[in-house]
Amino acid sequence: MDYGTIPGPRNAVVRSSRTVVSKTTRSASADVHTDPKTDMSLRSLLNGPLFLPFISYGSLNFINMCYTTLLPIVYSTSVSLGGLGLTPMTIGAIMGFSGFINAVVQLRCLGGLLRQYGARNMFITSFSSLVLCLSIYPFLSMLARRSGKTDWLVGIGIGFQLGLQISADMAEGVYGDWCLSSPHSPAFYLSCLFTLTE
């Protein structure tokens, strides 16, 4: 049996076809690197149409991390220290209920809202809702200190904050749609990688 180890005319044809393929591959790869439209350097990613989505997504995630980190801290801190004085069981029930409502609302409404208002307008609204969620903490603390405990007025403030969080959480799905619907260069789709990997 010949496994390509015996020199002969058949192996010469294979070697010559491999040489042609490798030369073609080298010339094609040289064309790819010289084409400015497919240049994937860091500088090309931070210029032009990619700069705004990168900054938007980075800011969105930074504010979202601040908000979600502060939520259990503010809710569990005693009223005298500026928190709401809720028990861990109450905080867990509030977060679980709001997460369930959030999932139902996003499954039922996000597609229709995207079709009606567009990805850009939805992203701006969601981002604004997230900033409002973060800015509600001082008001909740003020209401709790005024009454000396967590009363119905603080409960309404928590409900308002978690209602805004539903709108704010839509920003992740909206951002992915915003990237995929934009008619930019192929490098633009690299920004979608951030959305898909989370």
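Mind counting the residues in region 136-171 that are touching a residue at least 60 places away in the same chain (Cβ under 8 Å) and under 28 Å from the mean Cα position of the chain (by Cα)?
10
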Query - Yes/no for G82 being within 17 Å of S141 (Cβ to Cβ) and surrounded by 12 or more Cβ atoms within 10 Å (Cβ to Cβ) - result: yes
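May I ask you to list the residues in region 59-117 that are in a helix (DSSP H, G or I) and of a type in the set (V, I, T)? If you could, list the steps in order and put the result at the bottom.
Let us first name the residues in region 59-117 that are in a helix (DSSP H, G or I), namely 59-76, 79-81, 88-117.
Of everything in region 59-117, those that are in a helix (DSSP H, G or I) and of a type in the set (V, I, T) turn out to be I63, T68, T69, I73, V74, V79, T90, I91, I94, I101, V104, V105.
Laboratory data are not the source of any read-out in this text; all were calculated from the coordinates shown. Small disclaimer: the values here were computed from a predicted structure and weren't measured. When we count neighbours, we look across all protein chains shown, and the Cβ atoms used for this are built from the backbone with ideal geometry, even at glycine.
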